[in-house]
2 protein chains.
Amino acid sequence: MAPVHSDQEAAMATAIRVLAMDAVEAAKSGHPGAPMGMADVATVLFNRFMRIDPSDDKWPDRDRFVMSAGHGSMLVYAINHMLGYDDMGMDQLRAFRQLGSRTAGHPEYGHAKGIETTTGPLGQGISTAVGMALAERMMNARFGDDLVDHWTYVICGDGCLMEGISHEAIDFAGHQRLGRLIVLWDDNRITIDGGTGLSTSTDQQARFATSGWHVQAVDGHDREAVAAAITAARQDDRPSLIACRTVIGYGAPNKQGSHDVHGAPLGAAEIAAARAHLGWTYEPFALPQEILDSWRSVSARGAKARLAWQERLNRSPLKADVTASLTAPAAIQLRQAIAAFCQTLANDRPKVATRKSSEMALEVVNAVLPNTVGGSADLTGSNNTRTKGMTAVTAADRTGRYIHYGIREHGMAAAMNGIALHGGLIPYGGTFLAFSDYSRPAIRLGALMGVPVIHVMTHDSIGLGEDGPTHQPVEHVAALRAIPNVLVFRPADAIETAEAWEIALTAPRTPSVLCLSRQNLPTVRDAAPENLTRQGAYVLRDTDGPRDVTLIATGSEVELALAASDMLAGQGLRAAVVSAPCFELFAARPAEEREAVLGQAPRIGIEALIRQGWDGLFLRPGDGFIGMTGFGASAPAPELYRHFGITTDATAELANQLIRGGK
Amino acid sequence: MAPVHSDQEAAMATAIRVLAMDAVEAAKSGHPGAPMGMADVATVLFNRFMRIDPSDDKWPDRDRFVMSAGHGSMLVYAINHMLGYDDMGMDQLRAFRQLGSRTAGHPEYGHAKGIETTTGPLGQGISTAVGMALAERMMNARFGDDLVDHWTYVICGDGCLMEGISHEAIDFAGHQRLGRLIVLWDDNRITIDGGTGLSTSTDQQARFATSGWHVQAVDGHDREAVAAAITAARQDDRPSLIACRTVIGYGAPNKQGSHDVHGAPLGAAEIAAARAHLGWTYEPFALPQEILDSWRSVSARGAKARLAWQERLNRSPLKADVTASLTAPAAIQLRQAIAAFCQTLANDRPKVATRKSSEMALEVVNAVLPNTVGGSADLTGSNNTRTKGMTAVTAADRTGRYIHYGIREHGMAAAMNGIALHGGLIPYGGTFLAFSDYSRPAIRLGALMGVPVIHVMTHDSIGLGEDGPTHQPVEHVAALRAIPNVLVFRPADAIETAEAWEIALTAPRTPSVLCLSRQNLPTVRDAAPENLTRQGAYVLRDTDGPRDVTLIATGSEVELALAASDMLAGQGLRAAVVSAPCFELFAARPAEEREAVLGQAPRIGIEALIRQGWDGLFLRPGDGFIGMTGFGASAPAPELYRHFGITTDATAELANQLIRGGK
């Protein structure tokens, strides 16, 4: 299998080390330690095993490589340069960590080819890779070995394994028996503060074994041992950990093995010493042709494999299905199905919780889109994420469409990122909105990457009632709205919920969060020729004649706004009602359109959450807000609404005050 | 040791079961499964081991009990009622989960006596308990066995052990060899979605053993076995896991052992069947005197122990030190020290990063307050949290004041909650601000509890430069400001940093987050007779004559505001500068005071973060903002500021536009 071993392979590894130390030196910033320490392991992995084709970086059946220890980004850039990715010329390496370069401080998905996921926040890479490896097996179960047959390799460090999310990922991967996942642990026993002995004494090898992993340990600078371990890992049907005992900064003779090489340039003297030590006679950023040739032969092997795969695909009766799964969701069919469903809802006018509306919408969605994959962090019956006929994805049978993620909100969000990044499947998963705090780092990373994952977050306010303030989101919606490139929906009824699903499923580069009620809500909308939720906020009930006040509400509080409007009408006051299911979509509209929706009359925002995010977009000085100012409490929901003054009466009274104040 | 075993002890456990199922039934909501399943274990723990005195619920040397599986709150309420806590009358149990009752859906610290920490979000309890157990040993190292000699017991469920934070807690506790921590795992093999086999196959006992724990397994309904295991756990110097194999909902004959008993009332028929099955002949909420007497004897034992402790304390030469550690920080000395330090700074005018300013302030603080305990999630040299002479807290020597929390932001935050809840020590700990997302669930819980923990969050904007968008907070400050009862500081220089530390250390019931720069910042403030940061926002530079514009900035952008003010002065425009280090403190001031600070001229907010949170409090329609609208990038910091238009020029230009627009 392996075209080049021995001395030439050693030189391939040396090239990584030198490029890493030189680029960090040029940038005056960065992390030479991990690339130098893991250069041998990475070289063996790529030289003898990885099947990738830089000329088609999105080839679906490529192996995935995840640098979970993202600070070691120069390892990735050095390799991708030598492999010949056309966007990773030497100019990029020279411009490591500079504005406009593709060589960002940490590897960023979409920023350069050959980067499968963004890493840097520790633990995310390995947890995202679990999703990739699961997606591979699920796609394999659908399309067979001929078309789906690849591996997910991860390099991770001590930090990744100390982070809590690693536990969720490891437990889940072991349970799902993800044999296509191979983790190469950079066991250098160094953290930033010093030796790992400062803060941990867990036996990592034993730890992985207790979660059902295949575990080996090797000298990470013995390339034959590394190769043998990867071969053995591939032969075992469990996920594999290979503990690679390495010396951090290997090759820097005076600094290696110390935390001093972790995150700072080596300095000119040590670089010169390393060059001598490594027998490297070339100038910075210069590579001999024979080393380049060796790396290019890896790419050539991958190109050949890709062509063979393409031929198999072309001959396959499944070609159309494979292709469909890998392209964007069928937006037109989805629009038709959602529109028809909304018409039914407008006729039936169900009074159900939006978490139930979501399930109803999903029945439609999952029928139209065969490659959605649902799941929940052990709240299936509460999140209503499992539609009829969905069977569980298990180690024994991966044909299913429903994933029991376990009580692992963070791991679920990261795994969903990985499933979406892998391609072929559209993941959505549920938990309580209050626990979006647990999954937040992975939601943010998905937003940064632009991965269209759908987070179903139910029990979205004090409306959940008795479980009390630990479970009641008051600030979570504001906090999610704060993350760039996330669509946060808080639909008012079944129709808006269906519309939100349509938008979320067809947003190509944006994760979505659906905030859904526990409590029943009436149907407040009529069907419309277009998806009104896409406007972000729109006039749900206009007034006859000039408005006295505009009531702007989201989700469960739209019902309240309508009731207050009725009450005000009884007092001879004209209150328009604006439903605002998605702030981000509204903010993206031109100012004139927004002003036309909101009008010039006094405004009252109504949301059983904190006010942050309302001012500026909806509210002006002097406008009012009905909502929360602190944590909730434990009691039945209707009592809580009264207790916190989120009522029709309070709204009507505030409207009267504002109208009188304005006259 | 144990006054009552056998039949009477069995009846004590039955009383928990019956009270739990009756209270859940009355509430029509709640979780009978865990209290009924763990009633035997809890009864043995309290009856034979726990040393608490309900007449003095804050007795410092009491044992701590943490119900990490917080949904099983009725177990706590039932026990605390029977123990005789004076705020937990039967009326409270009847009012389980009702508005105004102390019997909230999940146990809430401060809401009823005898609740050591708020639980509900899974994994938090066990991780907070780790901090308690560490604090106990640290206090013991300071004051000796006579005065500090207690245990921390935890009941946790499968969910707690699946959550990632449990890994951080377990690894850290094993490394610190916290032998005073005993975790009783409710091993009922049931989760909400069904059997644990749906989502996990980790061997939990082996897992704990790999992290250095003492591990035992018992039948959780065999009280003698439970007692023997607790005794053995106390004799081992490692933290202990006791896997208690239980039947969820034990005692409900037709439903026990199934996930149906987890989180819903049993129903009248099953409750009647359970009464018959358990041989319980009493009405709902009625208890025979002999069972009450048995429980009260536990309290009597505790009261005796407390009196003995009090006598030892009274005789101890350490009494004054113990008392001082347990009372609020010495605010007057601290004020004097900070004022003197600020005077020095005003003279020296250092140009240092606020993370460095923080270290300088800590040198002063740690000298005045002997019971501060620093730490970092493996970023000591970056967070600058370790002052001179601070030695590490290790398993071998707990006299130190510095904790290497490891790469565990979430576990650190939870442990700090536990240290603060324990009493006697004032914890602060550092990480990068971007990773506040990791610790967020514990920060929120600290805010809900009102625990004065100080989170030192450095690298607080794109000003960190090359590490790029994964590490650059843009929305984190807004997201933290969204959490109720958190003080978020973003100081502009060394003086404001010192003032922020003073406020944070003396805030009795509020956690604080200090957002600190990586890059150097000049001293912009003069010393003042009072702590100006306490005003939240204040006029740093006023104008001669009427203001043309008010520039409002925080942290590193205050320097920029001053430079823009200079530039505008050169253009003949009068620009006042307001420094706004703490939005929450400013928001708490009367509207007239706020208006006086901000003035009527056009306003520009300047913060290298997103705008959310500025409108309403500082900005009006038409006012301007200089900041971020999306994720950052990887490049040297000065280039990023230019790239994103956060510059003196841009500020001055926007000011000109606003001034012209307003004229």
Quiz prompt | Reference-scaled alpha-carbon Rg (2.2 N^0.38 Å with N residues) for region B:180-310 | solution = 1.32
Quiz item: the protein assembly as shown: Rg/Rh from Cα coordinates, Kirkwood Rh?
Solution: 0.96
Practice problem: Let me know the shape class of region A:298-355, please: from the alpha-carbon gyration tensor, a ≥ b ≥ c as square roots of the eigenvalues, rounded when a/c is under 1.5, otherwise prolate if a/b is greater than b/c, or oblate. | Solution: prolate
Quiz item: Mean shadow of chain B, computed from the convex hull of its alpha carbons, in nm²?
Solution: 30.3
Exercise. Can you pull the one-decimal nm distance between simple spin-label points at B:Ala217 and B:Gln571, each 7 Å off the Cα toward Cβ?
Key: 7.4
Practice problem: Specify the inter-centroid distance of region A:383-457 and region B:437-477, based on alpha-carbon positions, in whole Å. | Solution: 25
Quiz item: Going by how many other Cβ atoms sit within 10 Å of their own, how do B:Met67, A:Met449 line up, fewest first?
Solution: A:Met449, B:Met67
Quiz item: B:Glu311 label points, 7 Å along Cα→Cβ, one per copy: pairwise distances from this copy to the rest in nm, shortest first?
Solution: 9.3
Self-check item: Potential extension, B:Asp236-B:Arg349 segment - 0.36 nm per residue separation minus Cα distance
Solution: 35.2 nm
Practice problem: Largest first and in whole Å, give the semi-axes of region A:331-522's equivalent ellipsoid, each being the square root of 5 times a Cα gyration tensor eigenvalue. | Solution: 21, 21, 17
Practice problem: Rounded to the nearest 0.05, what FRET efficiency do A:Ser6 and A:Leu292 give with R0 = 22 Å and r taken as the Cβ-Cβ distance? Could you check? | Solution: 0.80
Exercise. Consider all pairwise Cα distances in region B:435-555 and report the whole-number % of them above 16 Å.
Key: 64
Quiz item: Measuring label to label, 7 Å along Cα→Cβ, what does A:Glu653 give against each other copy in nm, shortest first?
Solution: 5.0
Exercise. Compute the length gained on full extension between A:Ala320 and A:Gln336: take 0.36 nm times their separation in residues and subtract their Cα-Cα distance, giving the result in nm to one decimal.
Key: 3.6 nm
Quiz item: Roughly how big is region B:333-433's charge dipole about its Cα centre, with Cβ charges of +1 (Lys, Arg) and -1 (Asp, Glu), in debye to the nearest 20?
Solution: 180
Exercise. Quick one: order A:Phe46, B:Phe631, A:Phe172 by neighbouring beta-carbon count within 10 Å, fewest to most.
Key: B:Phe631, A:Phe46, A:Phe172
Quiz item: So if R0 is 35 Å, what FRET efficiency would A:Thr629 and B:Gln657 give, r being the distance between their Cβ atoms, rounded to the nearest 0.05?
Solution: 0.50
Practice problem: Starting from the Cα-Cα distance between B:Ala269 and B:Asp146, subtract it from 0.36 nm times their residue separation and give me the gain in nm to one decimal. | Solution: 39.0 nm
Exercise. Return the subset of A:Lys58/A:Lys319; B:Lys58/B:Lys319; A:Lys58/A:Lys304; A:Lys255/B:Lys356 for which the Cα-Cα distance in this structure is over 22 Å, preserving the input order.
Key: A:Lys255/B:Lys356
Exercise. Kindly give Rg over Rh for region B:378-477, based on alpha-carbon atoms, with the Kirkwood expression for the hydrodynamic radius.
Key: 0.98
Quiz item: Using bins 5 angstrom wide from zero, how does P(r) for region A:535-662 break down, in % of all Cα pairs?
Solution: 2, 11, 23, 25, 20, 12, 5, 1, 0
Self-check item: Of the DSSP H helices in chain A, those whose Cα atoms cover at least 24 Å axially and whose Kyte score averages -0.5 or more
Solution: A:6-27, A:124-143, A:331-348
Quiz item: Cα gyration tensor of region B:92-176, axes a ≥ b ≥ c as square roots of the eigenvalues: rounded (a/c below 1.5), prolate (a/b > b/c) or oblate?
Solution: oblate
Quiz prompt | Amide N of region A:529-565 lying under 16 Å from the label point, which is placed 7 angstrom from the Cα of A:Arg620 along Cα→Cβ | solution = A:547-552
Self-check item: Under 11 Å, Cβ to Cβ, from A:Leu609 - net charge with Lys/Arg +1 and Asp/Glu -1
Solution: -1
Self-check item: Teacher prompt: A:Ala206 distances to equivalent labels in other copies, 7 Å Cα→Cβ, nm
Solution: 1.1
Quiz item: Taking the convex hull of the alpha carbon atoms in region B:6-312, what volume per residue do you get, in Å³?
Solution: 114
Quiz item: Hey, if you drop one equal point scatterer on each alpha-carbon of region A:589-663 and run the Debye formula without solvent, what base-10 log of I(q)/I(0) do you get at q = 0.18 Å⁻¹?
Solution: -0.79
Quiz item: Per residue of chain B, what 222 nm ellipticity follows from adding -39500 (n - 2.57) for every DSSP H run with n ≥ 4, rounded to the nearest 500?
Solution: -13000 deg cm²/dmol
Quiz item: Once the principal axes of the Cα atoms of region B:504-573 are found, what is the range along each, listed largest first in whole angstroms?
Solution: 46, 28, 19
Quiz item: Which residues in region B:580-617 place their backbone N less than 20 Å from a point set 7 Å from the Cα of B:Asp542 along the Cα-to-Cβ direction?
Solution: B:580-581, B:586, B:589-604
Quiz item: Say each of A:Glu224 and B:Asp56 gets a label point 7 Å from the Cα, pointing the same way as Cα to Cβ; how far apart are those two points in nm?
Solution: 7.2
Quiz item: Which Cys in the protein assembly as shown stand alone, with every other cysteine's Cβ at 4.7 Å or more from theirs?
Solution: A:Cys244, A:Cys342, A:Cys515, A:Cys582, B:Cys244, B:Cys342, B:Cys515, B:Cys582
Self-check item: Alpha-carbon Rg with Dmax, taken over region A:10-147, Å
Solution: 15.0, 49
Quiz item: Can you give the relative contact order of chain B as a percent, counting alpha carbon pairs under 8 Å and 6+ residues apart?
Solution: 12
Quiz prompt | region A:6-312, dipole about Cα centre (Lys/Arg Cβ +1, Asp/Glu Cβ -1), debye to the nearest 20 | solution = 260
Practice problem: Report Rg (one decimal) and Dmax (nearest whole number) for region A:1-57, counting Cα atoms only, units Å. | Solution: 12.9, 39
Quiz item: For A:194-205, what's the mean count of beta carbons from other chains sitting within 10 Å of each residue's beta carbon?
Solution: 6
Practice problem: Please grab the % of Cα pairs in region B:179-247 that end up more than 18 Å from each other. | Solution: 39
Quiz prompt | Residue mean of other protein chain beta carbons inside 10 Å, A:166-179 | solution = 4
Self-check item: Convex hull volume of region B:212-273 per residue (C-alpha atoms, cubic angstrom)
Solution: 98
Quiz prompt | Proxy reagent accessibility, fewest Cβ within 10 Å first, across B:Ile503, A:Ile190 | solution = B:Ile503, A:Ile190
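Values in this text are rule-based calculations from the coordinates and carry no lab data. Computed from a predicted model, the values in this text were never measured in an experiment. Here Cβ is always computed from backbone atoms with ideal geometry, including for glycine, and neighbour counts include all displayed protein chains.
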